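*Asks:* Take a look at this one; I'll ask things after.
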Amino acid sequence: MRETAPVFHDEQSGSWHVFRYDDVQQVLSDHARFSSRMGGGDPSETGQLFASSLITTDPPRHRQLRSLVTQAFTPKAVDALAPRISRLTDELLARIASLGTADLIQELAYPLPVIVISELMGVPADDRNRFKHWSDVIVSQTRSGAINEDHHATNVEMTEYFLDLIELRRSRPGTDLISNLLSAEIDGQKLNDVEMLGFCSLLLVAGNETTTNLIGNAVLCFTEVPGTIERILKEPSLLPQAIEEVLRFRSPVQSMYRVAVADTTLSDVQIPAGAPLVAWIGSANRDERQFQRPARFDIDREQIRHLAFGHGIHFCLGAPLARLEARIALEAVLSGLPGLTLAPGSRLERMDSTIVYGLRTLPASWQ
Ligand code: HEM
């Protein structure tokens with residue numbers, strides 16, 4: 001598609017699909033031409049919990065909402081979480097190290113980010129198992145486009161859960177992020193329930209699935225290319241760069257949506273006002289115009305300007321946290337599970353989504 005139809009109009013769905021690096025970067029960052037707005041209205045009715053969140057808002061509201069949470073996610077604030085993330089990783093790995101085989105998604109890549117964000121948000125530990133099911137449903141929702149009954153029920157359940165949690169924090173505030181958001185004001189106004197719901201669902205669900213997939217995709221890339229694990233163990237300073245290469249090569253978020261604000265053109269193709277666009281991050285990150293030998297996973301690649309966390313004002317808020325969690329988890333996996341390989345005969349199954357790219361399970365073995 002990059003070669004033959006870089007800006008493609010799908011007559012059936014009505015969407016415009018964008019495949020080249022420069023175009024994807026433009027669509028993601030030029031918010032005056034390409035809006036992030038979606039639906040609106042009561043999320044329990046529309047089934048769109050993200051309809052009034054940071055990720056679906058344009059300036060000036062976007063800037064105001066984002067300023068409320070940036071402090072909690074700066075690299076410095078996130079670095080302070082490192083000792084806790086290391087302890088959690090060690091606990092999770094201690095449970096499986098002597099087994100010699102396990103599903104690394106189930107045992108490590110899924111629980112780690114969920115526990116970390118739950119603690120940050122002040123969510124009761126026992127409730128986090130429910131998020132897995134919810135995020136799975138949300139991801140499958142994004143594939144089919146349509147909202148079926150199961151999706152609707154999940155949205156109602158999530159909405160009720162988060163409204164209860166918000167109410168609890170309102171009556172008994174703590175030092176967590178939800179309590180902080182409840183006390184914050186924009187121009188003298190507190191956030192309303194729909195905006196609070198947007199933050200809760202975005203932070204508690206969206207960031208988890210993606211970080212799980214980054215860790216899982218990294219194990220897949222490292223075990224797939226012979227010698228990679230040995231090199232990283234010998235030269236641990238390569239790991240951050242190797243993680244960036246995983247983000248490029250197997251991007252956990254493959255596509256993002258925008259809507260054309262007015263009639264416009266992209267790579268000489270005319271796009272009408274109101275047209276829905278899909279910016280294919282996964283394709284941009286393998287664009288031969290931007291990367292040499294893009295279809296090769298190469299941990300020696302330097303200064304990788306991938307778009308896996310987006311670009312511009314919506315650049316992923318959780319990027320420092322995702323990078324830190326991935327680094328700690330992968331360091332522990334590579335050094336604590338010697339001789340790591342994919343379990344012989346295992347069939348790898350990808351998640352059923354056009355937005356999220358990752359494995360359902362990752363059966364691995366070690367000595
Ligand atoms: C935005 C990817 C982890 C919270 C984004 C965007 C991408 C992305 C592509 C841009 C969306 C757009 O332009 O419309 C990823 C990937 C992750 C990850 C690949 C893991 C590897 C996280 C985590 C959190 C998080 C751990 C939170 C704890 C957010 C938020 C936004 C966002 C709040 C919206 C920012 C805004 O609109 O200003 N993410 N994300 N993400 N991400 Fe992440």
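*Asks:* Residue under question is Arg258, and the condition is that it be within 14 Å of the ligand (Cβ to nearest atom), part of a helix (DSSP H, G or I) and within 25 Å of Arg305 (Cα to Cα); does it hold? Write out each step before concluding.
*Replies:* Numbers: within 14 Å of the ligand (Cβ to nearest atom): yes; part of a helix (DSSP H, G or I): no; within 25 Å of Arg305 (Cα to Cα): yes.
Here the answer is no, as Arg258 does not meet what is asked.
*Asks:* Outside any helix (DSSP H, G or I) and out of contact with any His (no Cβ under 6 Å at 6 or more places or on another chain): does that describe Gly274?
*Replies:* Numbers: outside any helix (DSSP H, G or I): yes; out of contact with any His (no Cβ under 6 Å at 6 or more places or on another chain): yes.
When the stated conditions are applied, Gly274 passes them.
*Asks:* Is it true that Thr264 is more than 9 Å from the ligand (Cβ to nearest atom), modelled with pLDDT of 95 or more and in contact with a strand residue (DSSP E or B) (Cβ under 7 Å, 6 or more places away or on another chain)?
*Replies:* Values: more than 9 Å from the ligand (Cβ to nearest atom): yes; modelled with pLDDT of 95 or more: yes; in contact with a strand residue (DSSP E or B) (Cβ under 7 Å, 6 or more places away or on another chain): yes.
Taking the combined requirement at face value, the residue satisfies it.
*Asks:* For Ala329, which of the numbered conditions (1) assigned to a loop (DSSP other than H, G, I, E, B); (2) under 28 Å from Thr70 (Cβ atoms); (3) not β-branched (Val, Ile, Thr) fails to hold?
*Replies:* (1)
*Asks:* From the list Ala295, Ala308, Ala332, which residue is out of contact with any Lys or Arg (no Cβ under 7 Å at 6 or more places or on another chain) and not polar (S, T, N, Q)? Lay out the reasoning, then the answer.
*Replies:* Working: Ala295 fails: out of contact with any Lys or Arg (no Cβ under 7 Å at 6 or more places or on another chain); Ala308 fails: out of contact with any Lys or Arg (no Cβ under 7 Å at 6 or more places or on another chain).
Exactly one residue qualifies, and that residue is Ala332.
*Asks:* Continuing with this model, one more query. Would you confirm whether any residue within segment 125-142 is surrounded by fewer than 18 Cβ atoms within 10 Å (Cβ to Cβ), at pLDDT below 75 and closer than 18 Å to Ala329 by Cβ?
*Replies:* Looking through segment 125-142, at least one residue is surrounded by fewer than 18 Cβ atoms within 10 Å (Cβ to Cβ), at pLDDT below 75 and closer than 18 Å to Ala329 by Cβ.
*Asks:* Can you name the condition, by its number, that Arg248 falls short on among (1) surrounded by 19 or more Cβ atoms within 10 Å (Cβ to Cβ); (2) at negative phi; (3) in a loop (DSSP other than H, G, I, E, B)?
*Replies:* It fails just one condition, (3).
*Asks:* Within the bounds of segment 133-148, is there any residue that is in contact (Cβ under 8 Å) with a residue 24 or more places away in the chain, more than 28 Å from Gly312 (Cβ to Cβ) and within 16 Å of the ligand (Cβ to nearest atom)?
*Replies:* yes
*Asks:* Taking the residues in segment 274-317 that are of a type in the set (A, V, I, L, M) and in contact with a strand residue (DSSP E or B) (Cβ under 8 Å, 6 or more places away or on another chain) as candidates, determine which candidate is farthest from the ligand (Cβ to nearest atom). Explain how you work it out, then say what you get.
*Replies:* In the first step, residues of segment 274-317 are kept if they are of a type in the set (A, V, I, L, M); the result is 275, 277-279, 281, 284, 295, 299, 304, 307-308, 313, 317.
Subset that is in contact with a strand residue (DSSP E or B) (Cβ under 8 Å, 6 or more places away or on another chain): 275, 277-279, 281, 308.
Numbers: Ala275: 17, Leu277: 11, Val278: 11, Ala279: 8, Ile281: 6, Ala308: 5 Å.
Restricting to residues being of a type in the set (A, V, I, L, M) and in contact with a strand residue (DSSP E or B) (Cβ under 8 Å, 6 or more places away or on another chain), the top hit is Ala275.
*Asks:* Inside segment 217-238, can you point out the residues that are farther than 17 Å from Ala109 by Cα and not in a loop (DSSP other than H, G, I, E, B)? Don't jump to the end; show me each part of the working.
*Replies:* The first filter runs over segment 217-238 and keeps only residues farther than 17 Å from Ala109 by Cα, leaving 224-238.
Result: Glu224, Thr228, Ile229, Glu230, Arg231, Ile232, Leu233, Lys234, Pro236, Ser237, Leu238.
*Asks:* So which pairs qualify, if the first residue must be in segment 318-329 and near the ligand (Cβ under 7 Å from one of its atoms), the second must be not in a helix (DSSP H, G or I), the Cβ gap must be under 9 Å, and the two must be at least 6 apart or on different chains?
*Replies:* Correct list of pairs: Gly318/Phe309; Ala319/Ala308; Ala319/Phe309; Ala319/Gly310; Leu321/Leu81; Ala322/Pro252; Ala322/Phe309; Ala322/Cys316.
The values are calculated or read from the model by the stated rules, or taken from the named source; none is laboratory data. Being a predicted model, the structure only gives us computed values, none of them experimental. Here Cβ is always computed from backbone atoms with ideal geometry, including for glycine, and neighbour counts include all displayed protein chains.
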